[in-house]
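The values are calculated or read from the model by the stated rules, or taken from the named source; none is laboratory data. Since the model is a prediction, treat every value here as computed from it, not as a measurement. Note that each Cβ is placed from the backbone with ideal geometry, even for glycine, and that neighbours are counted across all protein chains shown. Surface accessibility is based on the protein's heavy atoms, side chains included, excluding ligands, DNA and RNA. Shrake-Rupley method; radii C 1.70, N 1.55, O 1.52, S 1.80 Å.
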Amino acid sequence: MSARENILRRLRTTSTTVPALPDVANWYSSHRRNEDVTQRVTRLRTALEAVHTEVHDTTFTKWPDLLLSIAAKKDLRNLLIGTETPHGSKLEALQPNKLKLVRYEHAIESWRDQLFDEIDASLTSSRSAIAETGTLILWPDAAEPRLMSLVPHIHFVLLDVTKIHADFHSAMSAENWKDTLPTNALLISSPSKTADIQQTLAYGAHGPRELVVLLCHADGGNV
């Protein structure tokens, strides 16, 4: 029997039975913590603050005033907001006189230099978050493009605390990622940082040097 015939014989006699896939959902269900929203908020905050992220508690009504206060303390000249977003419109309604609001409403080719050289900070919403890893989930779209969370030195993120999932599997399952995953999904767990040069940690090398998370609680709570 030639080598070729031997190889073909072995291929024909090899079992084609597909091994059973692991029951991932059952594993996560049996290992998942039994915790409420407050406990997930605490876990998320602990993980984010451990990696140099600034976290603030606020409400859906109070967050604009808090953001403007933080912006003033950081001496920000301007803030990039999305196009026709509810949170952007809420800030515009306040007409802040010490912070210029800049809408992201032009193709990048027409204002690249301004975006990279003149924009101090940006504000985006978030889809949800993961308590286990201290991760924010963003799904960029035409109203809030990817560059909003990549280019400005400071990135403000609004997060509804009721949308904090226990782990990544919970997030994917609850939000039906298998059928609705966008072209670009972002998982952000800290400000941009690197230690490539002499193992010295530096922030802002490949993205925002500051990440500011505004945890939005229901109005009327103890915030």
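Residue by residue, here is whether (1) part of a helix (DSSP H, G or I); (2) touching an Asp or Glu at 6+ places or on another chain (Cβ under 7 Å); (3) in contact (Cβ under 8 Å) with a residue 12 or more places away in the chain holds:
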site: MET1; (1), (2), (3): no, no, no
site: ARG10; (1), (2), (3): yes, no, no
site: ALA25; (1), (2), (3): yes, no, yes
site: THR42; (1), (2), (3): yes, no, no
site: ALA47; (1), (2), (3): yes, no, yes
site: VAL55; (1), (2), (3): no, yes, yes
site: THR58; (1), (2), (3): no, no, yes
site: LEU76; (1), (2), (3): no, yes, yes
site: SER89; (1), (2), (3): yes, no, no
Looking at region 91-110, which of the residues that are in contact with a Pro (Cβ under 9 Å, 6 or more places away or on another chain) and surrounded by fewer than 13 Cβ atoms within 10 Å (Cβ to Cβ) is farthest from PHE168 (Cα to Cα)? ALA93
Report yes if some residue within region 188-200 is basic (Lys, Arg), in contact (Cβ under 8 Å) with a residue 60 or more places away in the chain, open to solvent by 30 Å² or more (accessible area, probe 1.4 Å) and not in a helix (DSSP H, G or I); otherwise report no. yes
What's the total number of residues in region 201-219 that are assigned to a loop (DSSP other than H, G, I, E, B) and either under 30 Å from ASP23 (Cβ atoms) or in contact with a Leu (Cβ under 7 Å, 6 or more places away or on another chain) (or both)? 1
Taking GLU35 as the residue in question, decide whether it is farther than 30 Å from GLY204 by Cβ, open to solvent by less than 100 Å² (accessible area, probe 1.4 Å), acidic (Asp, Glu) and without any contact (Cβ under 8 Å) to a residue 60 or more places away in the chain. no
All but one of (1) of a type in the set (D, E, K, R); (2) open to solvent by 50 Å² or more (accessible area, probe 1.4 Å); (3) under 22 Å from LEU136 (Cα atoms); (4) out of contact with any helix residue (DSSP H, G or I) (no Cβ under 9 Å at 6 or more places or on another chain) hold for ARG43; which doesn't? (2)
How many residues of region 189-223 are under 22 Å from the mean Cα position of the chain (by Cα), under 20 Å from VAL55 (Cβ atoms) and aliphatic (A, V, I, L, M)? The answer is 7
Restrict the check to region 111-128 and report whether at least one residue is open to solvent by less than 70 Å² (accessible area, probe 1.4 Å), closer than 27 Å to TRP27 by Cβ and not hydroxyl-bearing (Ser, Thr, Tyr). no
Restricted to region 8-19, and to residues that are open to solvent by 100 Å² or more (accessible area, probe 1.4 Å) and among the aliphatic types (A, V, I, L, M), which residue is modelled with the lowest pLDDT? VAL18
